[in-house]
Every structure is written in C-alpha cells, then in structure tokens.
Amino acid sequence: MIMELQAKSFTELQELLKAVDAEISRRETEEKANAKKQILELAKSYGLSLDDVLSKATTTVRKPVEAKYKNPNDESQTWTGRGRKPVWVQALLDEGFSLEDLTI
C-alpha cells in the first residue's frame with residue numbers, strides 16, 4: 001500500500017485524501033444512524049419512551065448540613081466544620097479560642 005502511495009503525484013494524493021475524508025464522514029453518519037436505531041429499539045423493547053431514556057435516572061436532594069460552630073462576636077457567621085476553616089474561625093483560634101469554644 002505504501003509503495004502505491006509513493007507512486008502517486010501530490011495532486012492525486014490530495015484527491016485521495018478528499019475521497020477518504022468524504023467516505024469517513026459518510027460512514028460516521030451511517031454508524032450514528034444505526035446506533036440511534038438500535039438504542040430506540042432497545043428502549044422500545046423495555047417499554048421506555050425517549051423522554052424516559054433521556055431524563056436523569058434519579059434526582060437526589062441533599063439536605064443542607066447544619067452549622068456546628070458560630071462566631072461569638074457575630075452570630076450570623078457560622079461554619080459546618082466541613083472544608084477549609086473560614087477566616088474568622090482561624091482568627092479566633094489564633095487569639096486562643098478552641099473549636100469547643102465556638103460550638104453551637
């Protein structure tokens with residue numbers, strides 16, 4: 001195959017490349033259409049509609065985590081104890097407070 005390509009002119013190779021690209025595009029379209037048909041047939045065999053297939057399987061609603069710590073100087077500032085410590089928590093710890101002092 002490589003020998004055959006080496007014998008071709010630059011123009012012939014460009015035309016071959018265009019033909020290959022066109023064939024790849026045609027086959028991709030054909031493969032996608034076949035896949036879509038198979039998916040729809042499989043869904044239909046299980047009694048599923050297209051909306052059933054495309055909808056999210058389950059939606060979980062997460063309950064907000066309750067705060068465990070609050071700022072004694074500003075009670076609107078709270079922290080759940082998860083993730084990085086807020087600046088106000090670190091500042092109070094640096095002042096000598098402990099996390100137990102900030103517990104709600």
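Tell me yes or no: at least one residue of the range 49-65 is surrounded by fewer than 10 Cβ atoms within 10 Å (Cβ to Cβ) and at pLDDT 95 or above.
no
From (1) at pLDDT 95 or above; (2) within 27 Å of the chain's Cα centre (by Cα); (3) of a type outside the set (Lys, Arg), pick out the condition that doesn't hold for Ser45.
(2)
Among the residues in the range 12-29, are any more than 30 Å from Asp101 (Cβ to Cβ), under 28 Å from the mean Cα position of the chain (by Cα) and of a type in the set (D, E, K, R)? Even if it seems obvious, please write down each step before you answer.
Kept after step one, since they are more than 30 Å from Asp101 (Cβ to Cβ), are these residues of the range 12-29: 12-29.
Now narrow it down to the ones that are under 28 Å from the mean Cα position of the chain (by Cα): 25, 28-29.
If we keep only those that are of a type in the set (D, E, K, R) too, we end up with 28.
The answer is yes, given that some residue of the range 12-29 is more than 30 Å from Asp101 (Cβ to Cβ), under 28 Å from the mean Cα position of the chain (by Cα) and of a type in the set (D, E, K, R).
Restricting attention to the range 66-85, report how many residues are exposed (fewer than 10 other Cβ atoms within 10 Å of the Cβ) and either within 28 Å of the chain's Cα centre (by Cα) or at positive phi (or both).
Going through the range 66-85, the residues exposed (fewer than 10 other Cβ atoms within 10 Å of the Cβ) turn out to be 66, 73-76, 82-84.
From what is left, the residues that are either within 28 Å of the chain's Cα centre (by Cα) or at positive phi (or both) are 66, 82-84.
Going through the range 66-85 one residue at a time, the tally reaches 4.
The values are calculated or read from the model by the stated rules, or taken from the named source; none is laboratory data. Since the structure is predicted, the reported quantities are computational estimates derived from the model, not experimental observations. Cβ: placed from backbone, ideal geometry, glycine included. Neighbour counts: every protein chain shown.
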